[in-house]
Amino acid sequence: MYTVSIIGTGYVADFYMRSLQTFPEVKVLKAYDINQQRLKVFADYWKLRAAASMEELLNPTDAQERPMLILNLTNPHAHFTVSKSCLEAGYNVYSEKPLSIKMDDAFELHNIASEKGLYLASAPCSYLSQVAQTVWLAVREKLMGKPLLVYAELDDDFVSQAPYQKWISESGAPWPAEDEFKVGCTLEHAGYYLSWLMMIFGPIEKVIAASAEIIKDKLPNNQKTAPDYSTATLFFKCGLIARITCGIVAPHNHGLRIICEQGVIEVNESWNNAAVVKTRRRYVLHRKLINSLFTRKLKLSGPSHPMGPKKGNTKMNFALGPMELLSAIKEQRPPRTSADFALHLNEITLAIQNAGDNAGVQIMKTSCPEQPPMPWAHALKS
């Protein structure tokens with residue numbers, strides 16, 4: 001039996017709880033939130049024990065109530081302080097994204113975890129999913145030849161005009177509009193494809209980015225909000241070049257295209273663990289260069305992981321990351337969701353977010369290790 005406890009019971013916590021139910025070997029010991037009313041509703045809905053304080057959760061009188069892993073699902077501005085408290089108390093931590101909104105704080109968390117021999121990881125975990133692992137296998141198999149260029153899009157439409165006041169989680173938490181707009185779509189969303197690309201192509205050495213706030217009145221009383229558009233060109237150590245855009249103004253587009261010597265590997269949705277991966281071959285016809293209208297759908301030869309639960313309005317399994325970390329803890333092996341990976345992802349994301357309208361070259365100080373594919377992602381159906 002694997003054990004976890006949860007700190008933060010807001011909107012995203014329901015996605016984690018519903019996803020954790022796809023892994024019956026995981027038990028949630030306790031939950032805590034500074035909002036006691038919200039905590040009670042959450043705990044009652046999921047039939048969990050509510051901790052009266054952080055102190056109670058981190059320092060239980062019964063040793064059996066010490067979880068193997070703490071899920072830090074607080075709002076982004078609290079990620080650093082909560083994760084630091086958990087690490088200093090001797091707990092392994094899986095944090096919602098970002099690891100920290102300040103890079104110096106992210107380095108501090110990394111150092112504490114390293115000094116104490118603890119596991120530290122952060123969301124998103126969709127790079128462990130069937131769709132991402134299938135893309136990676138297609139690259140490893142060189143189905144379209146050598147990869148040369150990547151276009152990744154993470155546009156979510158004109159969110160400030162959407163009826164987000166009606167977006168309610170399964171147990172009744174409202175979508176945290178203030179946090180989302182103040183933290184920004186780049187910190188919230190860019191990691192979905194950045195993590196895929198880091199997994200497939202390794203560390204990024206250089207970032208050239210720009211960001212801007214296009215919609216100024218997303219919150220009342222002229223509250224300061226983060227950039228709602230960003231674009232970046234990423235220079236990978238392996239030589240690959242990628243362009244990524246992120247925003248909440250342009251029409252919805254979550255497409256990924258890996259342009260290779262002989263064609264393209266493509267997927268149209270990063271937020272669906274079961275999205276279809278396709279290859280599109282390039283050829284010459286009557287002296288014209290053609291990208292085929294016909295595609296080949298790629299499927300793994302066997303089962304992969306539990307898909308996101310049908311109930312709960314998500315097509316992602318948010319428990320893939322925590323489960324990978326728990327397995328690594330039990331097996332005493334390096335996790336695919338490593339602290340180095342989380343730190344590198346955090347640095348790249350902040351480099352894009354904070355670029356502003358003065359685009360310039362930023363050299364990365366961090367790196368990420370190579371990682372093995374998931375054990376079920378080794379063969380495609382013939």
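The values are calculated or read from the model by the stated rules, or taken from the named source; none is laboratory data. Keep in mind that what you see is a predicted model, and the values were worked out from it rather than measured. Note that each Cβ is placed from the backbone with ideal geometry, even for glycine, and that neighbours are counted across all protein chains shown.
Just a few scattered comments:
- Counted as qualifying within the stretch 152-252 are the helices (runs of 4 or more DSSP H) with 1 or more residues that are surrounded by fewer than 20 Cβ atoms within 10 Å (Cβ to Cβ) and not aromatic (F, W, Y), namely 177-183.
- Test: residue in the stretch 61-70 that is closer than 19 Å to D105 by Cβ and either aromatic (F, W, Y) or surrounded by 16 or more Cβ atoms within 10 Å (Cβ to Cβ) (or both): yes
- Any hit, the stretch 225-239, residues being closer than 16 Å to V135 by Cα, out of contact with any Gly (no Cβ under 9 Å at 6 or more places or on another chain) and not polar (S, T, N, Q): no
- Residues in the stretch 351-366 that are in contact with a Lys or Arg (Cβ under 8 Å, 6 or more places away or on another chain), outside any loop (DSSP other than H, G, I, E, B) and surrounded by 14 or more Cβ atoms within 10 Å (Cβ to Cβ): 1 in all.
- Of all residues in the stretch 297-321, those being at pLDDT 90 or above, part of a loop (DSSP other than H, G, I, E, B) and not hydroxyl-bearing (S, T, Y) number 10.
- Filter result (touching a Ser or Thr at 6+ places or on another chain (Cβ under 9 Å), farther than 19 Å from P98 by Cα and not small (G, A, S)) within the stretch 194-240: E205, K206, I208, E213, I215, K216, D217, K218, L219, K237
- First in the stretch 345-367 and at positive phi, second anywhere and in a loop (DSSP other than H, G, I, E, B) and not small (G, A, S), Cβ under 8 Å, 6 or more apart: G356/P227
- Verdict on G255 being under 25 Å from T134 (Cβ atoms) and either touching a Lys or Arg at 6+ places or on another chain (Cβ under 9 Å) or acidic (D, E) (or both): no
- Of all the criteria given as (1) touching a Cys at 6+ places or on another chain (Cβ under 9 Å); (2) not in a strand (DSSP E or B), the one not satisfied by F294 is (1).
- Residue match in the stretch 147-154 (condition: without any contact (Cβ under 8 Å) to a residue 60 or more places away in the chain, under 26 Å from L234 (Cα atoms), of a type outside the set (G, A, S) and out of contact with any Cys (no Cβ under 8 Å at 6 or more places or on another chain)): no
- Meets criteria (outside any helix (DSSP H, G or I), touching a residue at least 12 places away in the same chain (Cβ under 8 Å), β-branched (V, I, T) and crowded, with 20+ Cβ neighbours inside 10 Å) for V135: no
- Annotation note: of N268, N291, the sole residue that is touching a residue at least 24 places away in the same chain (Cβ under 8 Å) and of a type outside the set (V, I, T) is N291.
- Yes/no for T337 being surrounded by 20 or more Cβ atoms within 10 Å (Cβ to Cβ), among the hydroxyl-bearing types (S, T, Y) and assigned to a helix (DSSP H, G or I): no
- Residue ID - farthest from E188 (Cα to Cα), chosen from residues in the stretch 253-290 that are within 18 Å of the chain's Cα centre (by Cα) and assigned to a strand (DSSP E or B): V267
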